[in-house]
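The values are calculated or read from the model by the stated rules, or taken from the named source; none is laboratory data. As the structure is a computational prediction, the values presented were derived from the model and not from experiment. So basically every Cβ, Gly included, is an ideal-geometry build from the backbone, and we count neighbours across all protein chains shown. Protein only, heavy atoms only, side chains kept; ligands, DNA and RNA dropped before computing areas. Shrake-Rupley method; radii C 1.70, N 1.55, O 1.52, S 1.80 Å.
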Amino acid sequence: MQRLASTPLITRRTAVLSAGFALAGCSVNPDYNHTAEDSPRQLITARGKALRNIWVLSSGGPRGFVHVGVLKALEELGHQPDMIVGGSVGSLVGALYAGGVRAKELEQMSLDLGVMDMGRLALTGDGKFTGSPLAAVVNRELLQRCGTCEMQKLPIAFAAAVVERESRKAMLLNHGDAGVAVQASCAIEGTFTPVRIRGMQYVDSDLVAPMPVRLSRELAVATNGAASSALKLLAMDASARPETAPQGVERWRDGDLRKRALIAPDAAVASLVLHPEMSYFVNVSKEFRLRTIEDGYRGTMAQAEKIKAVLS
């Protein structure tokens, strides 16, 4: 993929727009209303084992490649979750991992992911692009590995964080079509067409819940049937560090600070937050992806003993 260059910070919106005219094909019905029985929803049902070890993957745009490195390290350290919850890009990584895509495969997929896998132009609807190709990528991979793309049937419990557009309420989708749930969680408002499910529009969770630890805890407690002090909530934060922002990027730093304020209440209830050091400047080049995956791996390995103490 061509390197996206040289402005101080390439946001998720800018990265997508920069690639927009390279998208082949377009959708004439991006506002399709998902009403089938397997359309995503939240449903509280027992899974046969208690959900104790919960991993929460944050939003982060291109910085979300760091999640791949974190998962690679956790896998090498011998840790596995009972449930993965992802918001925005974290939902994409989380859904694939929950469906059996191991860290090494996920790393290669991250390097191979192209613009046409993310979206296509939308001729109508509220948004310049539709993320339906991303849903197709997720479901194809899940079907190949475990014969299903329904979230409740994946080897590891999975939920995608979304925001209901009208009410601005954040919630988790944990049953039904994983690809559509990921598409909704990644639907950047104003750039991607919201995903309509049973008449309601859902958009990117980054707006309200960039790192949905509290929602994850509530879902796990409800699924387990009772409050549990044994819950272990490992959060993976792929956001920028405002303190590393260089001079001249105050416009983006203000956004970073707003996001930190949204993350803080969730970080406070996590058992441990992994927030690897990454470059402040981002793009979607292969070099950036490799470097960010390595940042996640190294940052996680550096905290191996602390992680072991929390998860053991």
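Pairs are defined by a Cβ separation below 9 Å, a sequence spacing of at least 6 or placement on different chains, a first member in region 157-173 that is farther than 10 Å from SER185 by Cα and part of a strand (DSSP E or B), and a second member that is of a type in the set (Asp, Glu) and open to solvent by less than 10 Å² (accessible area, probe 1.4 Å); no pair meets this definition. Residue count for region 228-254, restricted to those that are loosely packed, with under 15 Cβ neighbours inside 10 Å and either out of contact with any Lys or Arg (no Cβ under 8 Å at 6 or more places or on another chain) or closer than 17 Å to ILE84 by Cα (or both): 11.
Among residues that are under 28 Å from ALA267 (Cβ atoms), open to solvent by 20 Å² or more (accessible area, probe 1.4 Å) and at pLDDT 95 or above, SER167 is included. Which condition breaks for VAL249 when tested against (1) modelled with pLDDT under 85; (2) closer than 22 Å to ASP295 by Cα; (3) among the aliphatic types (A, V, I, L, M)? Going through (1) modelled with pLDDT under 85; (2) closer than 22 Å to ASP295 by Cα; (3) among the aliphatic types (A, V, I, L, M) one by one, VAL249 breaks only (2).
Against the definition (of a type in the set (D, E, K, R) and touching a strand residue (DSSP E or B) at 6+ places or on another chain (Cβ under 6 Å)), how does GLU243 come out, yes or no? Taking the combined requirement at face value, the residue does not satisfy it.
Among the acidic types (Asp, Glu), more than 16 Å from GLU76 (Cβ to Cβ) and open to solvent by 40 Å² or more (accessible area, probe 1.4 Å), is that true of ASP266? Judged against the criteria, ASP266 is not a match. In region 103-116, the qualifying residues are those that are of a type in the set (Gly, Ala, Ser) and open to solvent by 10 Å² or more (accessible area, probe 1.4 Å), and the one that is modelled with the highest pLDDT is SER110. Inclusion of SER271 among residues that are out of contact with any helix residue (DSSP H, G or I) (no Cβ under 8 Å at 6 or more places or on another chain) and open to solvent by 50 Å² or more (accessible area, probe 1.4 Å) is not warranted.
Residue count for region 25-54 under the criterion of being among the β-branched types (Val, Ile, Thr), under 17 Å from LEU154 (Cβ atoms) and at pLDDT 95 or above: the result is 1. The number of residues in region 175-188 that are part of a loop (DSSP other than H, G, I, E, B) and open to solvent by 20 Å² or more (accessible area, probe 1.4 Å) comes to 2. Among residues of region 284-307 that are open to solvent by 10 Å² or more (accessible area, probe 1.4 Å), those with a Cβ under 8 angstrom from a residue that is of a type in the set (Asp, Glu), sequence gap 6+ or separate chain, pair up as ASP295/GLU277; GLY299/GLU277; MET301/GLU76. If the condition is being open to solvent by 10 Å² or more (accessible area, probe 1.4 Å), more than 19 Å from GLU141 (Cα to Cα) and outside any loop (DSSP other than H, G, I, E, B), then region 63-99 contributes ARG63, GLU75, GLU76.
Okay, residues lined up against (1) open to solvent by 20 Å² or more (accessible area, probe 1.4 Å); (2) under 17 Å from the mean Cα position of the chain (by Cα); (3) at pLDDT 95 or above:
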site: VAL101; (1), (2), (3): no, yes, yes
site: MET118; (1), (2), (3): yes, yes, no
site: GLY125; (1), (2), (3): yes, no, no
site: ALA157; (1), (2), (3): no, yes, yes
site: GLY190; (1), (2), (3): yes, no, no
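Of the residues screened, ILE54 is not one that is within 22 Å of the chain's Cα centre (by Cα), under 22 Å from SER229 (Cβ atoms), in a loop (DSSP other than H, G, I, E, B) and not polar (S, T, N, Q). Flag: VAL221 does not match the condition of being touching a residue at least 24 places away in the same chain (Cβ under 8 Å) and among the hydrophobic types (A, V, I, L, M, F, W, C).
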